[in-house]
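Visitor: There's a structure below that I have some questions on.
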Amino acid sequence: MLNCFCKRFNFIVNIQRSVHSDLLRNFVWSPNISPRGEQSQTLSTTSNDRSPVLHPLKVLQPHVAVPLIPESSHLFDPSNEEIIGAQKIFIPMQKGSIRFLKAALYTEQLPEYDLPEVAFIGRSNVGKSSLIKALFAAADEELKIRTSKTPGQTKTLHFFQVGDFFSAVDMPGYGHNMPAHFIDSAEKFLKTRRNLQMTFLLVDGKIGMTPLDVKYFETFEGFNIHFCIVMTKIDKAVQSILVRNLMSVIRHREKSSFCFPQPFLCSSVTGDGLALLQAFIAYVTGNMQIKGL
Ligand SMILES: Nc1nc2c(ncn2[C@@H]2O[C@H](COP(=O)(O)OP(=O)(O)OP(=O)(O)O)[C@@H](O)[C@H]2O)c(=O)[nH]1
């Protein structure tokens, strides 16, 4: 079992470190196909008494004249069945199977294991800890993730182990109140960590990409690491602002060789977009097969 997992993990590492982009670019954006599992409601900033929107990008598309993702690009669009399968990974199978593993700063303190990792980074206060807390809501009591209105609270790399599946890494924020060791710890981790399968660069849906976000977007591009934009707090943005900010993200993404073509839109408050992001995490960590890929 372990052997099998290690082989699979090595396979994924090899693919994702070398021809990762080819694999991820197999998704076909097909705006005319009727959305699978799409709910009828539109994104709303006011109502919380509704079920979460599964695929916020698709809900926004009819309100925008141009394709939010060009037709030549790619859409991660798992079936309902695949999404439900992926969600099981985010629920503890037994007490402690999803757990806070350790806080670390430098290379020698990092956990040693054969687990794939995904990291969450972004401006201070963008909602990194809240997003991880929401993704793992079923394990919230064990994880005890702290969120705060005060920017710059996460000072070290926090590792959360998700069974034998993968680890999620909550990283210190850049910008206001960022720790002095950011380059030696966070940037070095991103540049050198072999277990890292995907870095999620979080951008505030209401504020959009700040000059600092653009700087780090370009920095990650220079690191040759695969990353993906997650727009957070979409419940706080009116639709027109969200679309404007999304278009700006897409313009940057179009110039990039390492950023995944499809941004993910999420709200940790309403739950919009979380199930899709869970499925994507399950996919990039090698824990989920998608039909036809
Ligand atoms: N409305 C809304 N508020 C959010 C959302 N996500 C986070 N917040 C709020 O934004 C603030 C910052 O959230 P955190 O998750 O602590 O942000 P962080 O990026 O981890 O912050 P640092 O650790 O300081 O870098 C908190 O007050 C959260 O309640 C969201 O999706 N919607």
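Visitor: Output ³J(HN,Hα) for segment 273-278: one whole-Hz value per residue in order, computed from phi by the Karplus curve 6.51 cos²θ - 1.76 cosθ + 1.60 with θ = phi - 60°, and x for Gly and Pro.
Guide: Values per residue, Gly and Pro as x: x, 6, 5, 5, 5, 4 Hz.
Visitor: Please list 3J(HN,Hα) in residue order for segment 246-258, calculated via the Karplus relation 6.51 cos²θ - 1.76 cosθ + 1.60 where θ = phi - 60°; whole Hz, with x for glycine and proline.
Guide: Ordered by residue, 3J(HN,Hα) equals 5, 4, 5, 4, 5, 4, 5, 4, 5, 8, 9, 9, 10 Hz.
Visitor: While we're looking at this one, here's another question. If Lys and Arg each add +1 and Asp and Glu each add -1, what is the summed charge of the other residues whose beta carbon sits under 12 Å from the beta carbon of residue 100?
Guide: +1
Visitor: What residues have an amide H closer than 5 Å to that of residue 204, excluding those fewer than 5 places away on the same chain, when H is modeled at 1.01 Å from N in the peptide plane?
Guide: 232
Visitor: Which trypsin sites (Lys or Arg not before Pro) in segment 82-128 pass both tests, a DSSP loop state and at most 11 other beta-carbon atoms within 10 Å?
Guide: Taking segment 82-128 and a limit of 11 other Cβ atoms within 10 Å, the loop trypsin sites (Lys or Arg not before Pro) found are 95.
Visitor: Is segment 143-285 best put as rounded, prolate or oblate by its Cα gyration tensor, with a ≥ b ≥ c the root eigenvalues, rounded for a/c under 1.5, and otherwise prolate when a/b is larger than b/c, oblate when not?
Guide: Note, shape of segment 143-285 comes out rounded.
Visitor: Near residue 111, within a Cβ-to-Cβ distance under 13 Å, what is the net charge of the other residues, with Lys and Arg +1 and Asp and Glu -1?
Guide: 0
Visitor: List the pairs from 191/236; 155/233; 128/255; 95/206 whose alpha-carbon separation is above 28 Å, in the order I gave them.
Guide: Going by Cα-Cα distance, 191/236; 95/206 fall outside the 28 Å limit.
Visitor: Shifting gears a bit: How far, in nm, would the chain grow between residue 141 and residue 247 when pulled straight, counting 0.36 nm per residue and subtracting the alpha carbon separation? List each step's numbers first, then the result.
Guide: On the way: separation 106, 0.36 × 106 = 38.16 nm, distance 3.72 nm.
In short, 34.4 nm is gained.
Visitor: In nm, to one decimal, how far is the residue 239 label point from the residue 95 one, both placed 7 Å along Cα→Cβ?
Guide: Taking the simple label geometry, residue 239 and residue 95 are separated by 4.8 nm.
Visitor: Starting from the Cα of residue 210, step 7 Å along the direction of its Cβ; do the same at residue 257; then give the gap between the two resulting points in nm.
Guide: Result for the modelled spin labels: 3.0 nm.
Visitor: A follow-up question, please. Straight-line reach from residue 215: which aspartates and glutamates have a Cα under 19 Å away, not including same-chain ones fewer than 8 places off?
Guide: 184, 187, 204, 254
Visitor: Shifting gears a bit: Determine ³J(HN,Hα), in whole Hz, for all residues of segment 84-93 in sequence, where each value follows from phi through the Karplus function 6.51 cos²θ - 1.76 cosθ + 1.60 and θ = phi - 60°; x replaces Gly and Pro.
Guide: Result, rounded to whole Hz: 5, x, 5, 4, 4, 5, 8, 10, x, 6.
No value in this document is a laboratory result; all are computed from the given coordinates. This is a predicted model, so every value here is computed, not measured. Methodologically, a virtual Cβ is constructed for each residue, glycine included, from the backbone with ideal geometry; neighbour enumeration extends over all protein chains shown.
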